[in-house]
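Novice: Sending over a structure as structure tokens; questions will come in a sec.
Every read-out reported here was derived from the displayed coordinates using simple, explicitly stated rules and does not represent laboratory data. Just so we're clear, the structure is a prediction, and the values are computed from it rather than from any experiment. Virtual Cβ from ideal backbone geometry, glycine too; neighbours counted across all protein chains shown.
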Amino acid sequence: MRNFYKRIRNFILPLISKIRLALSMFSKRERIILLILVFALTVSAMVILEGLNKKFMVSVPMQGGSISEGIVGSPRFINPILAYSSTDNDLVSLVYSGLTRKNQDGTIIPDLAESYEISKDGLTYTFILKDKIFFQDGEPVTVDDIVFTIEKAKDPLTKSAEKTNWDGVTVQKIDEKTIKFSLKQPFASFLENTTLGILPEHLWVDSPIEINDYNINPIGSGPFQIVNVSKESNGVIKNIELKSFQKFALGKPYIKNITLNFYSNEEELISALLSGNVEQASSITPKNAELLKEKNYVIKSSVLPRVFGLFFNQNQNQIFTNKKIVEAIDLSIDKDRIIKEVFSGYGVAIDEPIPPNMVSYQKQNEKNNSSADENFKKAQEILAKDGWEKGEDGYLKKTTTVKKKKTISTIEFSISTGNTSELVATAEIIRQNLTALGMKVDVKTFEVGNLNQSVIRPRKYDALLFGEIINHESDLYAFWHSSQRKDPGLNVAMYTNAKADKILEDAFTMTNQDAREKKYAQFEDEIKKDMPAVFIYSPNFIYVVSKNLKGVSINTITSSSDRFLNSYLWYINTDNVWEIFSK
């Protein structure tokens, strides 16, 4: 080593001497020129290196940072099998994880499961758990925990909203890492059921599930764990603090802390947002969204799988058996005006029973691109050809003669709906449109609970302005199959069509996606032909997001709590690294 340094010194020292000798022979002017050239060369090299650096550098998420969000409502059951309110489900999405998880693009990916296999007949689903998966108290997640959770959900005494998803499903522990589900018949949406959050059996087995303290201080295996619950003097929860769970099965979340503050109404929530007490707010009204947008808040929105329309009761009012009248109603309703005036653009006009965000099931039908005035004229022409004429009072009349006896008919009906501001405003626009056409329409509004008990359940309405929540395509069976037309069924149009029934039955059990898509296309054809309803709009979910937060994706959410499904991928802090090191 000593000889090596000696050789280096013997090389460098003479070189330096030669450079000094050469420089001493330069004139002052030549030395200045040389200095300028060296400086220019150095700057050029630095610029080139900086350009190369930028070209190959990418921004990557880093751990750290915190966010605060305001929510209307207060949690009661932070429990995947007892959660009923949207607030409960928000926290379940953060605290718990299932065998699978819904991804940002709406697909189902393994979570606690390492892998799964579906039998060719669609009757058996076998899951293998990952190694080293843990609850937030440090205990391992086991097959026994999964069996316990599902059996509790199936137990009628638990009164879980998840019960119907697991009825008829046999759960079997194969070994310490393998669990099998056996179905009585194929069910296209069964895989989504396996996103159910898993309870730790050791904390629940010896205590009644409804009164267990872990309903408010839960232990799950999800991306975030609760570290503090603050309550008002009356016991109502005012905020919950969460921190990232380092052993989350899909990787440690980037965000370090999340604080959720709870408010009794939207007015308080917006006030907290404006005062800076919270950075984010969800499920706000379009009116407030527009006000916040003007103040430069970041607003994200996405179409929800909700189908709002007029559902006709032909048993109550025979006028709806005339398809020409129903077609005229459809054409005369200014759906774009409703989206603009009632929802400030936060929604989409629709013409089909399948929500627009279920894109894989949407037929590529030709859209009606005519203006509202053009559609209105078409409606007038349809009614005129059907024999309807406006009388002096401005209402449509039709004269028919049977056995030399003249009968004068009118188009009269009532619209029943809830007393929420959006439904009331929508109903009024519809009434105005139909009145202009010459129909006599009365709008009846009801408190939501009374609407359900006194109007919908006994089917006491002519037309119902109502919304269907379609979280996955199998829900279409509940809303349109003839077996569901009587209470407690949800077929509020009391639609009966044997062909449509068969289509829905087949689609319900098909596991092949292409085959299902063809079935739902056929179903839409039947609905379009029979016109048991007029479909009007699907509203948007509206989310006010912190300006510093990145990675938020809500394009495929089916409910407000879905916004937290990819919360483990949210981030605030970033760092620049060469692309080859970002993989």
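Novice: Taking amide hydrogens as modeled 1.01 Å from N in the peptide plane, which residues meet the under 5 Å criterion relative to V443, leaving out close sequence neighbours?
Specialist: Amide H neighbours of V443, under 5 Å, 5+ apart: I415.
Novice: Right, another one. Can you sort K163, K335 by how many other beta carbons sit within 10 Å, fewest first?
Specialist: On the way: K163 15, K335 24.
Lowest to highest Cβ neighbour count: K163, K335.
Novice: Additional query: Count charges around N375 for me, please; just the other residues with Cβ under 11 Å from its Cβ, Lys/Arg as +1, Asp/Glu as -1. All intermediate terms of the calculation are to be shown ahead of the outcome.
Specialist: Details: positive: K335, K377, K378; negative: E327, D330, D334, D336, D373, E374, E381.
Charge balance near N375 sits at -4.
Novice: Let me ask something else. Assuming 0.692 mPa s and 37 °C, estimate D for the chain with Stokes-Einstein, Rh taken as the Kirkwood radius over Cα pairs, in µm²/s. Show your work: numbers first, answer last.
Specialist: On the way: Rh = 28.3 Å.
In µm²/s, the coefficient rounds to 116.
Novice: Can you give the % of DSSP beta bridges in region 306-540 that are antiparallel, to the nearest 5?
Specialist: On the way: 22 of 31 bridges.
Roughly 70 percent of the beta bridges in region 306-540 run antiparallel, per DSSP.
Novice: Using modelled amide H (1.01 Å from N, peptide plane; none on Pro or chain starts), what sits under 5 Å from the amide H of T574, excluding residues fewer than 5 places away?
Specialist: For T574, the qualifying residues are M62.
Novice: Could you size up the charge dipole of region 219-306 around its Cα centre, putting +1 on the beta carbon of Lys and Arg and -1 on that of Asp and Glu, and report it in debye to the nearest 20? Don't jump to the answer; show the numbers that get you there.
Specialist: On the way: 11 positive and 8 negative charges, 93 e Å.
It comes to approximately 440 debye.
Novice: Still on this structure, I have one more. Could the peptides 517-525, 167-175, 89-97 be put in order, highest first, of the mean number of other beta-carbon atoms found within 10 Å of their residues?
Specialist: On the way: 517-525: 19.1, 167-175: 12.8, 89-97: 25.9.
Ranking, from highest mean packing down: 89-97, 517-525, 167-175.
Novice: Also, I was wondering about something else. Amide H neighbours of K231 under 5 Å, counting only residues 5+ apart in sequence or on other chains, H built in-plane at 1.01 Å?
Specialist: For K231, whose amide H was placed from the backbone, the distant partners under 5 Å are K238.
Novice: Okay, next question. Compute log10 of I(q)/I(0) for region 306-540 with the Debye formula, placing one identical point scatterer on every Cα and leaving out solvent, at q = 0.09 Å⁻¹, to two decimals.
Specialist: Here log10 of I(q) over I(0) equals -0.39.
Novice: Among all the aspartates and glutamates, which ones have a C-alpha under 14 Å from K152's C-alpha, if same-chain residues fewer than 8 places away are not counted?
Specialist: Qualifying aspartates and glutamates at Cα under 14 Å: D144, E162, D167, E201, D206, E210.
Novice: Further question: Order the peptides 445-457, 423-435 from the highest to the lowest mean number of other Cβ atoms within 10 Å of their residues.
Specialist: Working: 445-457: 14.9, 423-435: 18.9.
Listed from highest to lowest mean packing, they are 423-435, 445-457.
Novice: If I fit a long axis through the Cα atoms of helix 421-437 and take the longest principal axis of the Cα atoms of the chain, what angle between them do I get, 0 to 90°, rounded to 10?
Specialist: So the inclination is approximately 50 degrees.
Novice: So for the chain, taking the charge dipole from beta-carbon charges (+1 Lys/Arg, -1 Asp/Glu), which of T178, S546, F523 sits furthest toward the positive end?
Specialist: Sorting the options by dipole projection puts first S546.
Novice: Let me ask something else about it. For the chain, give me the percentage of DSSP beta bridges that are antiparallel, rounded to the nearest 5 percent.
Specialist: 80 percent
Novice: Can you give the charge dipole size of the chain about its Cα centre, rounded to the nearest 20 debye, using +1 on the beta carbon of Lys and Arg and -1 on the beta carbon of Asp and Glu?
Specialist: Values: 72 positive and 71 negative charges, 507 e Å.
In debye, rounded to 20, the chain gives about 2440.
Novice: Suppose R0 equals 60 Å. What FRET efficiency, 1/(1 + (r/R0)^6) with r the Cβ-Cβ distance, do E267 and K529 give to the nearest 0.05?
Specialist: Values: r = 46 Å, r/R0 = 0.77.
For E267 and K529, the calculated efficiency is 0.85.
Novice: Another question, if that's okay. Apply the Karplus curve 6.51 cos²θ - 1.76 cosθ + 1.60, θ = phi - 60°, to the phi angles in region 159-171 and return the couplings in whole Hz, x for Gly and Pro.
Specialist: 6, 7, 5, 7, 4, 4, 6, 10, 4, x, 9, 8, 9
Novice: Oh, and also: With angles folded into 0 to 90 degrees, how steeply does helix 2-24 sit against the dominant principal axis of the chain? Use alpha carbons for both and round to 10.
Specialist: The helix 2-24 is inclined about 90 degrees to the chain.
Novice: Nearest 500 deg cm²/dmol is fine: what mean residue ellipticity at 222 nm does the chain get from its DSSP H runs of n ≥ 4 alone, each adding -39,500 (n - 2.57), divided by its residue count? If you can, show how the numbers build up before the last one.
Specialist: Values: 16 runs with 189 residues, N = 583.
Counting only the DSSP helices, I get -10000 deg cm²/dmol.
Novice: Using a 10 Å cut-off on Cβ atoms, rank the peptides 38-44, 182-188 from the highest mean neighbour count down.
Specialist: The peptides rank, most packed first, as 182-188, 38-44.
Novice: Tabulate in residue order the Karplus-calculated ³J(HN,Hα) for region 177-183, using 6.51 cos²θ - 1.76 cosθ + 1.60 with θ = phi - 60°, rounded to whole Hz; enter x for Gly and Pro.
Specialist: 10, 10, 9, 10, 10, 10, 9
Novice: While we're on this one: According to the square roots a ≥ b ≥ c of the eigenvalues of the Cα gyration tensor, what is the shape class of region 292-412, taking rounded for a/c under 1.5, prolate for a/b larger than b/c otherwise, and oblate for the remainder? Could you put the intermediate results ahead of the total?
Specialist: On the way: a/c = 2.75, a/b = 2.17, b/c = 1.27.
Prolate is the answer for region 292-412, as a/c is 1.5 or above and a/b outweighs b/c.
Novice: So, one more: Using θ = phi - 60° and the Karplus curve 6.51 cos²θ - 1.76 cosθ + 1.60, what whole-Hz ³J(HN,Hα) does each residue of region 472-482 get, with Gly and Pro shown as x?
Specialist: 8, 4, 5, 5, 4, 4, 5, 8, 10, 6, 4
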